Structures are given as structure tokens and as C-alpha cells.
1. Show me the GluC sites (Glu not before Pro) within segment 58-90 that DSSP assigns to loop and that have at most 14 other Cβ atoms within 10 Å of their Cβ.
2. What are the equivalent ellipsoid semi-axes of segment 56-107, built from the alpha-carbon gyration tensor (square roots of five times its eigenvalues), in whole angstrom, biggest first?
Amino acid sequence: MPRGGERRGTARPARRRGGGRAARLDPMEELRTRIDGIDRRLVRLLNERAGCAVALGRIKLQRGLTIYQPAREEEVLENIQRSNGGPLESAALRRLFERIIDESRRIERSATDRSGAPGAPHGPASGPPRPEDAKD
């Protein structure tokens, strides 16, 4: 549940300032409310992305491909950096997306590990992290 025990989708009352003058929303509360909404959208998008990663992992397994595809990962990172309009620095976005990609790879492995029969041997696209999957 969101902070303060609120239900999802309910807004906190904005704090007002200024006494008897025309009341205005506190800019800090306004920005925090906006950030909360953005965070909820990011969570939905990250979960949508994770769903795509699961589907990709299954396709890779069917095609006998490894989960770790360094050329594709670099392509994704370059696309992210090219689309950056700031204020985040490209290096910061790269670090964020490296973590997202790491988690995507983990969830791909997890989904392909469970897609077979219990106790089935691990194929080339599944199994525990391998040294070649480590990022330098």
C-alpha cells in the first residue's frame, strides 16, 4: 500500500500555505504527488518490459540461443543514450538501464528454468548465472 496507509489511486490532501490569502498548493507537495504518479507509471512500464523479457527468454530457449546477447544489450544502451534529452546524464541512464537489463536477463532465466518439467536439465538459455554473463 502507498505510504501513509492510503489506497492506490487516492490522492493525499495537498497542504496549503499562505493563511488568509488565496490558498495555493505547496510546491513541494505538488512535485511529490507528481513523482508518486510517475513512479506508478514506471512500475507499470517496467513490469510490461519484464513480460516482454519473459517471452523473449522462451523464444531464445526454443531457438537454442543464450540469454546473454551482448551485442543486443549494447544496442539497447546506445538507443537509450541517443534518445536522452536530459537532465539525466547519458552515463547515468546507461547505469540505470544496465541494472534493468541485468534484471531482465535474470527473469528470462527464471522463466525458462520453470518452463520445462520439474527437474529437467538446464539448456543453454537457462540455469544459474554463468561467468560469460557477468558485466565488466
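1. Counting only loop positions with at most 14 other Cβ atoms within 10 Å, the GluC sites (Glu not before Pro) in segment 58-90 are Glu89.
2. Rounded to whole Å, the semi-axes are 26, 11, 7.
Just so you know, all these numbers are worked out from the coordinates, no wet-lab data involved. Owing to the predicted nature of the structure, the values given are computational and were not obtained by experimental measurement. We place every Cβ from the backbone using ideal geometry, glycine too, and count neighbours over all the protein chains shown.
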